[in-house]
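Read through the structure below, which is laid out as structure tokens, and then see the notes.
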Amino acid sequence: MRRTTSLVCHLLVGSAALAFVTPAAAQTSQEGAAQATNPTATTPAREVTNDGEIIVTATKRATTVQDVPFSVNAQSQQDLQRANAQTVEDISRNVAGLTVQNLGPGQSQVSVRGVSAGQIVRDQPGVKEQVGVYLDESVISLSLFTPDFDLFDLNRVETLRGPQGTLFGSGSVGGTLRYITNQPKLGKVEGLVEANANTVDESDVGGHVKAAVNVPLGATAAIRAVGYATHYAGFIDAVGPAAGKNINDGHRIGGRLSLLWEAAPGIRLTPRIVYQDVKANGFNRREEYHLYCNQFLTPACSLGGADQYLKLREQFRDKTTLADLTASADFGGAELTSVTSYIHRNILVSRDASALTGSVSVSPFIIALGAAPALANLPSNLRDTTRLNQWSQELRVASTGSGPFQWVFGGFYSHVNRKYAQRLPTPGYDAFVDAALGAGVSAAVANGFPLNSPYNADLPYIIKQAAVFGEASYKFGQFKLTGGGRYYDFKEKRDFISGGIFSNSDTRIGDKTKSNGFSPRAILSWEPQRRTAVNLQIAKGFRLGGVNDPLNIPLCSGGATGVDAQTYGGRPTYKDETLWNYEANFKLGGRGLSMTAAAFYNDIKNLQVTADAGSCSSRVVFNVPKAHSSGVELEINATPMPGLDLSLATNVQSAKFDSSVVTAGASPTVIAGIRDGNRLPTVPKFQLAATATYGQRFSSTGEWYVTGSFQHVGNRFTQPSDQETGAGNFNFIFFNPATAAFGTRNGSFGSLKLPSYDLVNASVGLKWDNGLEAVLYANNLFNKTPLLSLDRERGGRARLGYNVGQPRTIGLTVRKAF
């Protein structure tokens, strides 16, 4: 991190530190070395060295970004503050190759370097993540529902590009994202308080209060406490029976409490507990077509400036508790580290599914009921719940000296108990079913589930993983050779029990899948001079396979013998996804200029792609035999003159299928857009972020600065099928709540390509040497509406629209460090 005059103007793209300082007592001596060097919000400007930059532990050892032999980005707490970053999506726009698909609050999918399998929706609990996410030493990844932890009091965020299976295991096939918190410090009282107020363009008001404090407990212990409460302003309006303004407001409340005890010289114990409660009262969805409000009604219905039509209010809730214990013992030349972690999560996704249920009810081919307009107007609530309990244990030994030979090896075990349930309470539904098909039919097909719920499912999972890993490097002259690998063994057991007239009443007990394998990595590094390095890497990553859900046959057009059932049925499991990465990167470190450039090629086998199963209202995971992603990345930091800091992060990439998935038979057809040459979903071809910060002293005790940033995200597709010819043509279903008139119409929605978008952010700040800082900012200054993903109900038949980004937000943040 650089300082010009005494102005702390660290750039959005973090780079490398040039020297270590004496380690602070943290979880481990390695992390202590990193945290002692990396400035925090409580670090006085006079203590920031001119050439000190970010130290990371991406290789399980403290080292400079310059010395990490693969491509890594690190952003410090000051970087996040200057960018007004609140979520992983905010981070992604400033990191080359990092992409986030926004599917609603707390439901973002992360991909790195174009390794993406497409949209995972909330009723696919078996799908594994492609980017591993860690909070310090604890893995927190959970497919779609990776916790969106608050970014307050972080030391840094590390983005490790390329497969990281060697040291970080499954789920890191594309890369790894690490949130590194500030650790308790011995012998020092320090803290930070922060308050914010903001308003979005739709006039709602949000804000937060946050605080962190570090207190020593004698000479050998310290405690660090963090608390935060945020109210999110809403910006989506709704019409219909559940009409309202700013319906997607919400809150995030939580905190962290960690204790450091240095039981003896070199022996550290750090127990910690983290709790967070995230609630959103609606979703950032803008609807273009809705079953109850569309151009086919008489008279035609328009949302009239609102964004949604609702019969019922919606909600997302995620309560997460993380308890972990990191213990380390430094033996001089080596350090033993144990990480024990427990996560409990309680997730609710409650959606207004009236359009889904109503569209089924007026479709004459469904479940022998014929068209049933009397049912189409019933409010219907789809409730997805997840209960997760996860234990993990890692034990590793790593070298700590500065000699030419460095190494780390260890073992990992995890046990996941996950219970997923889905209910569709629709009061009044069973009375009509029994009248049409005979008394008792609803109770018979309920399969033990509640009545007046056309669809129900319980999916309990037990997932066990065991692994051993190791990596070593040896430096000889200007060259360094790094090699390592990970052997893994994985077992998954799952039950599937469903009921209700929309389901097939499947009961499958004890479905199993298992796999094992080895993921190696080799890197050759050349350092012709101290601040210049060239690295060549070949590495393998993996993503665990799983079990597909059976189709909802009653909803499939033509039933069990129809085209949809024949196309998407009979696929009980899917295989592990593997990837070979070939990469060359160049790193240049310096006080006035630092640069990282990389070129990569990822050869992907058995890519796991999620596809809508036609009209069945089900989703199936396919293995695509061959796919690839390739590209170049560039990140530059420069200080061309005193007081001016510039940064640039950009990448160009191509991610495509190299094979097709087709139906069986004499005339095969491509399934779900998985066609040789089609783009992988969610991946922009081009992304760029540029930032400039300029400031000077305005007095002997204070400084001012201004920051401006420009972010460009290229066009994308939400699902592979969205780029097929005719993808925008739909068989829309409509129903008039006032007259009960209903029917279907063929129509064109237009292109399903998500257009590129540009965002401009600006801020001006005042900072005093006593730790007081005030920042006035405007995010999305020109009030653009980014289309983040395509949202559809029943494949677009009942509802079609977009998840959208937040409008212009103007806010004031005041913080005080002590």
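The values are calculated or read from the model by the stated rules, or taken from the named source; none is laboratory data. All values reported here derive from a predicted model rather than from experimental measurement. In this analysis, Cβ positions are derived from the backbone assuming ideal geometry, glycine residues included, and neighbour counts consider all displayed protein chains.
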Complete set of residues in the stretch 239-251 that are outside any loop (DSSP other than H, G, I, E, B) and farther than 11 Å from N281 by Cβ = V239
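Do you know which of the residues in the stretch 425-448 that are closer than 20 Å to L312 by Cβ and of a type outside the set (V, I, T) is modelled with the lowest pLDDT?
First pass over the stretch 425-448, keeping only residues closer than 20 Å to L312 by Cβ: 425-432.
Still in the running and of a type outside the set (V, I, T): 425, 427-432.
Details: P425: 96, P427: 95, G428: 91, Y429: 90, D430: 89, A431: 88, F432: 84.
The qualifying residue modelled with the lowest pLDDT is F432.
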Any residue in the stretch 169-191 that's under 16 Å from V110 (Cα atoms): show its pairings with residues that are among the hydroxyl-bearing types (S, T, Y) and not in a strand (DSSP E or B) at Cβ separation under 7 Å, as long as the two are six or more apart or on different chains.
-> G171/S141
Take the stretch 640-682 and flag every residue that is surrounded by 22 or more Cβ atoms within 10 Å (Cβ to Cβ), among the polar types (S, T, N, Q) and under 30 Å from Q696 (Cα atoms).
-> S647
Output the number of residues of the stretch 767-794 satisfying the condition of being buried (at least 18 other Cβ atoms within 10 Å of the Cβ), within 24 Å of the chain's Cα centre (by Cα) and either modelled with pLDDT under 90 or over 30 Å from G702 (Cα atoms) (or both).
-> 8
Quick check, is A219 surrounded by fewer than 22 Cβ atoms within 10 Å (Cβ to Cβ), small (G, A, S) and touching a Leu at 6+ places or on another chain (Cβ under 8 Å)?
-> yes
Restrict the check to the stretch 484-504 and report whether at least one residue is modelled with pLDDT of 90 or more and not in a strand (DSSP E or B).
-> yes
Quick one: in the stretch 546-565, which of the residues that are of a type in the set (G, A, S) and buried (at least 22 other Cβ atoms within 10 Å of the Cβ) is farthest from N516 (Cα to Cα)?
-> A565
Residue count, the stretch 492-520 (criterion: surrounded by 15 or more Cβ atoms within 10 Å (Cβ to Cβ) and either closer than 30 Å to Y455 by Cβ or touching a Pro at 6+ places or on another chain (Cβ under 8 Å) (or both)) = 19
Give the number of residues within the stretch 605-653 that are outside any strand (DSSP E or B) and either aliphatic (A, V, I, L, M) or in contact with a Phe, Trp or Tyr (Cβ under 6 Å, 6 or more places away or on another chain) (or both).
-> 2
Inter-residue pairs, beta-carbon under 7 Å, first closer than 18 Å to L607 by Cα and in the stretch 627-643, second part of a loop (DSSP other than H, G, I, E, B), 6+ apart | A627/D658; A627/L680; H628/D658; S629/R113; S629/G114; S629/V115; S629/L680
So is D307 over 21 Å from S141 (Cα atoms), acidic (D, E) and buried (at least 18 other Cβ atoms within 10 Å of the Cβ) or not?
-> yes
Scan the stretch 426-457 for residues that are crowded, with 19+ Cβ neighbours inside 10 Å, in contact with a strand residue (DSSP E or B) (Cβ under 8 Å, 6 or more places away or on another chain), not hydroxyl-bearing (S, T, Y) and not in a helix (DSSP H, G or I) and jot them down.
-> F449, N456, A457
Those residues of the stretch 213-237 which are in a strand (DSSP E or B) and within 30 Å of P807 (Cα to Cα), in sequence order | V226, G227, Y228, A229, T230, H231, Y232
Which residue, of T693, T701, is among the polar types (S, T, N, Q) and buried (at least 23 other Cβ atoms within 10 Å of the Cβ)?
-> T693
